[in-house]
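Here is the structure we will look at, set down as structure tokens.
The values are calculated or read from the model by the stated rules, or taken from the named source; none is laboratory data. Please read all numbers here as calculations on a predicted model, not as lab measurements. A quick note on method: Cβ atoms are made from the backbone with ideal geometry, for glycine too, and the neighbour counts reach across all protein chains shown. Areas reflect the complete protein model, heavy atoms only, side chains present, ligands, DNA and RNA absent. Shrake-Rupley method; radii C 1.70, N 1.55, O 1.52, S 1.80 Å.
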Amino acid sequence: MNAQQSIAIIGSGNIGLSLAKGLVKGGMCQPEQIILTRRNTNSLAALANEGYYVTDNNIKAVKRADVVVVAVLPQQLNKLLDEIKPAIKSEKQLLISVVSGVTCADIRKQLDMNIQVIRAMPNTAIAIGHSMTCIATDNGTQKNINLVNRLFDTVGVSIQINEELMTSATALCACGIAFFLRSIRAASQGGTEIGFHAADALKMAAQTAKGAADLILQLNSHPEQEIDKVTSPSGCTIAGLNEMEHNGFSSAMIKGIKLSADKAGDLYHKEE
Ligand SMILES: NC(=O)c1ccc[n+]([C@@H]2O[C@H](COP(=O)([O-])OP(=O)(O)OC[C@H]3O[C@@H](n4cnc5c(N)ncnc54)[C@H](OP(=O)(O)O)[C@@H]3O)[C@@H](O)[C@H]2O)c1
């Protein structure tokens with residue numbers, strides 16, 4: 001984004017605020033270029049002091065912005081789109097939606113206008129700049145897709161996928177954070193049972209999980225390739241691993257991801 005452009009984040013909750021902070025930290029824009037809205041702005045007072053433009057007036061925010069990010073809950077979206085519709089300049093603005101389960105076409109239909117819409121599906125690691133963000137669109141230009149990639153690269157890693165896979169991306173990456181957290185929690189509970197204080201066990205489990213993920217990402221390796229390095233014949237690792245598999249470890253993860261993907265497709269239709 002150039003210094004003259006501004007971005008409005010409509011619905012500055014967990015995801016919206018994390019994005020705003022990441023954009024500033026990543027040098028994409030100054031706080032003065034970011035407009036933050038929510039209905040109750042009390043919790044944004046500190047950000048106003050840092051230079052962000054804070055308001056509860058969505059219309060004013062949209063009118064001032066080149067890029068509009070909608071980051072409200074799925075069930076809050078239609079009401080919000082109806083509200084901001086008169087302020088949108090469809091030929092000039094780009095609309096980015098992080099709302100789960102709502103297609104680009106759904107948004108254009110609700111707005112009844114042909115605006116460019118690009119969807120982004122981050123996860124809560126956006127708060128520390130380590131999000132996995134999936135990006136998809138059905139009518140965004142390559143230039144705008146590149147812009148959205150750059151925006152979300154300030155808060156982690158982003159990739160472009162086909163829009164029909166966005167619900168699956170929600171399950172694997174957004175819900176996925178919870179699945180891996182639960183695995184770490186379970187490992188730490190096992191650690192406590194075999195002798196470690198809870199805090200030590202949690203730290204050891206979390207750092208081990210981080211190491212495992214980095215082996216895949218940094219060595220461009222495959223999990224089984226790395227598992228082969230830890231599993232000596234008749235050894236303790238393969239014994240533990242097979243016991244977990246006999247109890248449905250991989251199967252539970254796969255079934256959970258499939259159920260989350262089914263549910264993720266339904267969220268939009270339950271309005272507030
Ligand atoms: N959390 C995740 O893991 C995750 C991951 C990927 C995508 N998403 C999607 O990201 C979106 C936001 O999620 P979140 O976790 O950031 O939710 P959140 O913390 O509840 O944030 C939503 C924000 O929207 C504000 N809001 C609601 N109605 C508004 C309106 N009419 N005008 C202005 N602001 C309004 C709310 O504040 P007020 O009540 O004060 O207005 C709230 O701060 C959701 O659609 C979710 O599906 C979430």
* Asked: Per residue, how much accessible area does segment 64-111 have with a 1.4 Å probe, in Å²?
  -> 39
* What's the angle, to the nearest 10 degrees (0 to 90), between helix 14-25's Cα axis and the longest principal axis of the chain? -> 80
* Structure fact -> Per the charge dipole of segment 159-272 (beta-carbon charges, Lys/Arg positive, Asp/Glu negative, Cα centre), the residue among Q189, A239, I177 reaching farthest to the positive end is Q189
* Just from its helices, what would the mean residue ellipticity at 222 nm be for the chain, if runs of 4 or more DSSP H residues each count -39500 (n - 2.57) and the sum is divided by every residue, rounded to the nearest 500 deg cm²/dmol? -> -14500 deg cm²/dmol
* Structure fact -> Answer in debye to the nearest 20: the dipole magnitude of the chain about its Cα centre, from +1 Lys/Arg and -1 Asp/Glu charges placed on Cβ, is 760
* Using a 10 angstrom cutoff on alpha carbons, build the Gaussian network for the chain and name the most mobile of P86, P74, P31. => P86
* For the chain, modelled as a Gaussian network with Cα springs under 10 Å, which listed residue fluctuates most, G256, G191, G13? -> G191
* Asked: Among the DSSP beta bridges whose two residues both lie in segment 18-134, what percent are antiparallel, rounded to the nearest 5?
  -> 10
* Return one number: the angle in degrees, 0 to 90 and rounded to the nearest 10, between the long axis of the Cα atoms of helix 176-193 and the longest principal axis of the Cα atoms of the chain. => 30
* How much of the accessible area of the chain, in percent, comes from carbon and sulfur atoms when a 1.4 Å probe is used? -> 55
* To do: Compute the Cα gyration tensor for segment 1-74, then decide on rounded, prolate or oblate, letting a ≥ b ≥ c be the square roots of its eigenvalues: rounded whenever a/c is under 1.5, prolate when a/b is larger than b/c in the other cases, and oblate in all that remain.
  => rounded
* Where Lys and Arg each count +1 and Asp and Glu each count -1, what net charge lies around I135 among other residues with Cβ under 13 Å from its Cβ? -> -1
